[in-house]
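Everything on this sheet refers to the single structure shown next.
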Amino acid sequence: MPNIPQLPVSSWIDKLVDWLASFEGFFNGVTNFIGGIINGFQWVFDLLPIWLFMILVVGGTYWLNRKTKHWGLIAFEIVGLLYIWNQGFWRDMTQTLTLVLTSSLIALVIGVPLGIWMGKSKVFETINKPVLDFMQTMPAFVYLIPAVAFFGIGMVPGVIASVIFAMPPTIRMTDLGIRQVPADLIEAADSYGSTSWQKLFKVQLPLAKSTLMAGVNQSMMLSLSMVVIASMIGAMGLGNKVYFAVGRNDAGGGFAAGLAIVILAIILDRITQAINRSKIPKS
Amino acid sequence: MTAKLQVRHLTKIFGRRIARAEELIKAGRTKAEILKSAGATVGVSDANFEVNDGEIFVIMGLSGSGKSTMIRMINRLIEPTSGEILIDGKNLTSLNKKELLNVRRNKMSMVFQNFALFPNRTIIENTAYGLEIKGVDKDERHQKAHEALELVGLHGYDNQYPTQLSGGMQQRVGLARALANNSEILLMDEAFSALDPLNRKDMQDELLDLQENLHKTIVFISHDLNEALRIGDRIMIMKDGVIVQTGTPEEILTQPADDYVEKFIEDVDRTKVLTAANVMIRPSYVNIDKDGPRIAMRRMVENEISSLYVVNSKREFVGVVDASHVMGLIKKKERQLNSVIQTNVPTTAPDTPITEIMDKISSTPIPYAVIDDQNHLLGIIIRGAVLGAISGNEVNEDA
């Protein structure tokens, strides 16, 4: 195609970013808001003594699995958390946890309503599906660049980039969960004169809950995978340790911190799965 | 009888070219032809019927006959393409969203083929769903739900979940959910079709028992003619979205409107439907107060029979006389039949189903006498007539 000039895609996007960056007030507001959530989480984690944190995690796991008694998991949690403490990664771990919890929370708050909307509207679903594909397949690094332009450096742009990358599973699974509710239950709800809201909160959401929670679990895991990337724009935590280790070609330090991320991932995954486990007995 | 529910010119067409399909319906084309030339599926085509207050009205048809579409149009789960639905004379099709919600909440409740219980709710919460939607407070709605569960014979399952119950019990909950709402109209969509035969029969009995006290107006969808005949006060048969025949079970059986209905009723287990009154024939009898042995003999000769039923002047049943005994009386020049009347004749009421008496009919030599509650002789049942009726042949109607 020698005669067709190269499309100036990159300069268009630069212009768009520049134009968006002019809404400084809005982005400052968002930054402050997310910063507030992050500080809140961090404040709690800093306040908690390590032993109390461990008791809460282990006790919580025991209570959530009280019927099945996963002693192996509980032992793993104790050993894993002791390892993190022993390696001097405790504060880094809580920072990473803050990043993951904040972005999961935002993904949940934004993703679930969007998923419900998709579940109820064929049109919105058709429009949104390629957008979600885009969000998930665009290399996560790319989000960092405009995120810095809008939100500066630090935890906040890390959270934003994580949310964009990690939100699609929550949206998709909420959509799927809503659509999976059997047609005769919807008919039953309608035939007794439920309003749309009653149908949503009494029938659709409760029945979509386990699918929805599987999406939240996936979002959480994805945002955890963002911690190293987010550390490139100044997000603190375990990712930062790994990132530094890469810079210094320090294999030992990298694995030591990487292992801590794995431990955190497994604990988060098992706890969210246990929350999700159905309380309704199977026939 | 007043009409609770009236359906007028109700039509439902699925697909895009609805106007074209409507023209074709008017031109009298069949469902298959319309699908071919307009690409639209006719669900229900120009349906007209009325359901009376307090009756069980069964809509019958095979899959694709439009019966499910019909029942869903009655509560507008499916929007009709055209036509009117009137409940107590009020047109349902012109209601706005809020009015429709009110009708669904207060006027009618639906029972579903696959129960459609909410798996995340306990039995009592499921039963109370309709009341919860209406905003009835918790104590009151649980109280009412509990009563409804008692009514359908479910005790002590209030806090279980639907998956813990058997199919039959789950459908009882489905029924209780509809009853708890205390609406006048019950829409039952193949409500018992998913149950095994024994459970189905139990539920049918249960429904009939309940109906005796509750007098709901019930629209019941079924593809099972035996079920329709068993529970229906009236039956409407549909085929390809068109109403083929509406009538009482007996009308359907004795005067099928066309070949389609006739084919339908071919497979019916007639013994369950037919009663003694349907198969009895006119007996030959003598009046004991008036007739003597010679008259009796003459009647037997005329009718080529060897025994004769005896009644008194009030037409009350007395017994049977046998030809040989009557001959003896004639030889002895007796004037009265009294001495030879056998009174140990089997009798039955006219509304007894013939399943109940079939065994005995085949094993007793003397035909059954059918008598009403004033002991009047109405007819007799002979084996040949029973076999004829079961095989679908014409029964002697004036019997």
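The values are calculated or read from the model by the stated rules, or taken from the named source; none is laboratory data. Since the model is a prediction, treat every value here as computed from it, not as a measurement. Methodologically, a virtual Cβ is constructed for each residue, glycine included, from the backbone with ideal geometry; neighbour enumeration extends over all protein chains shown.
Scanning the stretch B:330-348 for residues that are over 18 Å from B:VAL311 (Cβ atoms) and of a type in the set (S, T, N, Q) yields a total of 0. Counting the residues of the stretch A:2-51 that are in contact with a helix residue (DSSP H, G or I) (Cβ under 6 Å, 6 or more places away or on another chain) and either among the basic types (Lys, Arg) or under 14 Å from A:VAL159 (Cα atoms) (or both) gives 8. Identify, please: which residue in the stretch B:76-99 is more than 8 Å from chain A (Cβ to nearest Cβ) and hydrophobic (A, V, I, L, M, F, W, C) and is, among those, nearest to B:ALA191 (Cα to Cα)? Top of the filtered list is B:ILE78.
A count restricted to the stretch B:153-178 and to residues that are surrounded by 24 or more Cβ atoms within 10 Å (Cβ to Cβ) and over 16 Å from B:GLN113 (Cβ atoms) stands at 1. Just one of the listed residues (A:ALA189, A:ALA161) is touching a helix residue (DSSP H, G or I) at 6+ places or on another chain (Cβ under 7 Å), within 14 Å of chain B (Cβ to nearest Cβ), surrounded by 18 or more Cβ atoms within 10 Å (Cβ to Cβ) and among the aliphatic types (A, V, I, L, M), and it is A:ALA189.
Here B:GLU132 meets each of (1) in contact with an Asp or Glu (Cβ under 9 Å, 6 or more places away or on another chain); (2) at the interface with chain A (Cβ under 9 Å from one of its Cβ atoms); (3) more than 17 Å from B:ARG104 (Cβ to Cβ) with one exception, condition (3).
Hey, which of the helices (runs of 4 or more DSSP H) in the stretch B:1-114, taking only ones fully inside, have at least 3 residues that are over 24 Å from B:ALA176 (Cα atoms)?
In the stretch B:1-114, B:18-26, B:31-38, B:97-106 are the helices (runs of 4 or more DSSP H) which contain 3 or more residues that are over 24 Å from B:ALA176 (Cα atoms).
Note on the stretch B:188-199: residues that are buried (at least 19 other Cβ atoms within 10 Å of the Cβ), within 18 Å of B:LEU149 (Cα to Cα) and touching a helix residue (DSSP H, G or I) at 6+ places or on another chain (Cβ under 7 Å) total 2.
Selection of the stretch B:105-115 for residues being of a type outside the set (Phe, Trp, Tyr), surrounded by fewer than 24 Cβ atoms within 10 Å (Cβ to Cβ) and facing chain A (nearest Cβ under 7 Å) yields B:ARG105, B:ASN114. Of the residues contained in the stretch B:156-164, one or more are found to be in contact with a Ser or Thr (Cβ under 6 Å, 6 or more places away or on another chain), closer than 22 Å to A:LYS202 by Cα, assigned to a helix (DSSP H, G or I) and within 11 Å of another protein chain (Cβ to nearest Cβ).
Got a number for residues in the stretch B:33-62 being of a type outside the set (Gly, Ala, Ser), over 16 Å from the mean Cα position of the chain (by Cα) and either farther than 22 Å from B:ILE87 by Cβ or surrounded by 23 or more Cβ atoms within 10 Å (Cβ to Cβ) (or both)? Within the stretch B:33-62, residues that are of a type outside the set (Gly, Ala, Ser), over 16 Å from the mean Cα position of the chain (by Cα) and either farther than 22 Å from B:ILE87 by Cβ or surrounded by 23 or more Cβ atoms within 10 Å (Cβ to Cβ) (or both) number 8.
Taking residues in the stretch A:258-283 that are more than 14 Å from chain B (Cβ to nearest Cβ), and partners anywhere that are modelled with pLDDT under 85, the pairs with Cβ atoms closer than 8 Å and at least 6 places apart or on different chains are A:ARG270/A:HIS70; A:ALA274/A:ASN65.
Are any residues in the stretch A:192-245 free of Cβ contacts under 8 Å to residues at least 12 places away in the same chain, surrounded by 22 or more Cβ atoms within 10 Å (Cβ to Cβ) and touching a Leu at 6+ places or on another chain (Cβ under 7 Å), and if so, which ones? The one that is free of Cβ contacts under 8 Å to residues at least 12 places away in the same chain, surrounded by 22 or more Cβ atoms within 10 Å (Cβ to Cβ) and touching a Leu at 6+ places or on another chain (Cβ under 7 Å): A:GLY193.
Residues of the stretch A:48-70 include none that is part of a helix (DSSP H, G or I), without any contact (Cβ under 8 Å) to a residue 12 or more places away in the chain, polar (S, T, N, Q) and surrounded by 10 or more Cβ atoms within 10 Å (Cβ to Cβ).
Selection of the stretch B:115-147 for residues being in a loop (DSSP other than H, G, I, E, B) and under 30 Å from the mean Cα position of the chain (by Cα) yields B:PHE115, B:ALA116, B:LEU117, B:ALA128. Has the stretch A:171-185 got any residue that is more than 7 Å from chain B (Cβ to nearest Cβ), more than 29 Å from the chain's Cα centre (by Cα) and either at pLDDT 95 or above or within 19 Å of B:ARG105 (Cα to Cα) (or both)? There is no residue in the stretch A:171-185 that is more than 7 Å from chain B (Cβ to nearest Cβ), more than 29 Å from the chain's Cα centre (by Cα) and either at pLDDT 95 or above or within 19 Å of B:ARG105 (Cα to Cα) (or both).
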